[in-house]
Amino acid sequence: MTRNRMFDRDQFLLGTFASNGSGGMTVTKLPERWKSTWDNNLKLAKLLDAAGIDFMLPIARWIGYGGETNFHGNVLETITWAAGLLAHTNDITVFATTHTAANHPVVVAKQLATIDQISGGRIGLNIVAGWNKPEYEALGLTLPDDHETRYGYAQEWFDIVRALWSREEAFDWDGKFFTLKNVLGDPRPSAPLPILNAAGSEQGRKFAVRNADFLFTPAIDLSRSAEEIAALKQQGREAGRDIDVLTFCHVVCRPTEKEANDYLHHFGQANADWEAVDNLVRLQFAHAQSFPHDLLALIRDRMAAGHGGFPLTGTPEQVADGIASLHQAGFKGTTLSFVDYVEEFQYFRDHVLPLLEQRGIRIARQQAAAAA
């Protein structure tokens, strides 16, 4: 029986986020902004896999945010995306980001069990309870106004998925949101999948603590993050669970600090798609609690540069310092995004990863392979 390496690595985890979406995490009008084609994603996945990066996390969207670029208007569907990437890689974990309202649990359970076989146990599940009202409307759905209903639905959805992955005989299900007859999960995953959930509301955090292995949350004020992580891990212990916390970052790494800051201003200020940024911020305020609302208005610039991600801007040493600060705050890992993932990751690989290994934050690929 295989066990996903997300659970086993005694190091700070690194992944990428949103490479399946147009623009990635950067709301810019520059022509070199990320193109979320299959070819680009496959090239990136192979680079990440060879470098020992731990995971890829996609974003799930059905409509974009408007503006000149219609940011995230072009997004590759995440389950088929994950299956394709896993068939072409060897070690990296790839998550499927799945909206509970748009995907039936019986179908999802079988899809992920199938990908488990394709990948040799390297598929993960990112559960989204839903918040983006225009997307609900595009799908002919109604977004519940209260978080209790959203997470009550998500809980029953995931309870069904877990039942399909654990029960060996067909069963009926008579719940509040689902009525199922004679369902059976066959095939089932060979081992537990890593479960990820991003939640900001009280109800969302309770859901994550009950169900997720990794809670995904922004890092804005690291002193505040340290207290938050400690509290979340304590909640997990009280529930009899060991949970870890991940965050997301945007990287602008250059040989000099001036080069990095100049490029950040170029793509994230002078050429930002501010109409799309403001649509994104407005929807976050109206329907989601992923970001603390008392801080959201302060990070409009970060929303343009990296969808609100923690900024890692500067020389390789400064970027490594930033990652070290996340590690010290208690985060288990972070995703990375770039204006151009393929081109910029290679510089990060060659100049930042060795520094993280020297500091003991990451294990060299050869050592990790020997320990696996």
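Quick notes on this one:
- Region 110-127, subset over 19 Å from Ala208 (Cα atoms) and aliphatic (A, V, I, L, M), residue surrounded by the fewest Cβ atoms within 10 Å (Cβ to Cβ): Ile118
- Only one entry in Glu275, Glu227 is part of a helix (DSSP H, G or I) and within 24 Å of Ser19 (Cα to Cα), namely Glu275.
- Residues in region 145-166 that are within 21 Å of Ile115 (Cβ to Cβ) and in contact with a Gly (Cβ under 7 Å, 6 or more places away or on another chain): Leu164, Trp165.
- Within region 107-119, residues that are modelled with pLDDT of 95 or more have Cβ atoms under 6 Å from residues that are surrounded by fewer than 22 Cβ atoms within 10 Å (Cβ to Cβ) and basic (Lys, Arg) in these pairs: Ala113/Arg188, counting only partners at least 6 apart in sequence or on another chain.
- Every condition in (1) buried (at least 20 other Cβ atoms within 10 Å of the Cβ); (2) part of a helix (DSSP H, G or I); (3) touching a residue at least 60 places away in the same chain (Cβ under 8 Å); (4) in contact with a Ser or Thr (Cβ under 8 Å, 6 or more places away or on another chain) holds for Trp81 except the one numbered (4).
- Of all residues in region 65-78, those satisfying the criterion of being on the phi < 0 side of the Ramachandran plot and surrounded by 19 or more Cβ atoms within 10 Å (Cβ to Cβ) are Tyr65, Thr69, Phe71, Val75, Leu76, Thr78.
- Among the criteria (1) under 24 Å from Arg61 (Cα atoms); (2) touching a residue at least 60 places away in the same chain (Cβ under 8 Å), the one Val161 does not fulfil is (2).
- Qualifying residue in region 123-139 (condition: of a type outside the set (Val, Ile, Thr), assigned to a loop (DSSP other than H, G, I, E, B) and farther than 19 Å from Phe207 by Cβ): yes
- Residues (without any contact (Cβ under 8 Å) to a residue 24 or more places away in the chain, of a type in the set (D, E, K, R) and within 24 Å of Arg302 (Cα to Cα)) located in region 225-266: Glu227, Glu228, Lys258, Glu259, Asp262
- Being in a loop (DSSP other than H, G, I, E, B) and either without any contact (Cβ under 8 Å) to a residue 24 or more places away in the chain or in contact with a strand residue (DSSP E or B) (Cβ under 8 Å, 6 or more places away or on another chain) (or both) is a property that holds for Arg5.
- Val75 meets all of the listed conditions (1) among the hydrophobic types (A, V, I, L, M, F, W, C); (2) in contact with an Asp or Glu (Cβ under 8 Å, 6 or more places away or on another chain); (3) more than 19 Å from Val161 (Cβ to Cβ) but one, namely (2).
- Taking the criterion of being under 19 Å from the mean Cα position of the chain (by Cα) and modelled with pLDDT under 55, the residues of region 288-305 that qualify are Ala288, Gln289, Ser290, Phe291.
- Restricting Leu47, Leu30 to residues that are touching a helix residue (DSSP H, G or I) at 6+ places or on another chain (Cβ under 7 Å) and part of a loop (DSSP other than H, G, I, E, B) narrows the list to Leu30.
- For region 176-216, the strands (runs of 3 or more DSSP E) that sit wholly inside it and include 1 or more residues that are buried (at least 23 other Cβ atoms within 10 Å of the Cβ) are 195-198, 214-216.
The values are calculated or read from the model by the stated rules, or taken from the named source; none is laboratory data. None of the values given here were measured: they were computed from a predicted structure. Because the Cβ atoms are built from the backbone with ideal geometry, glycine has one as well, and the counts that use them run over all protein chains shown.
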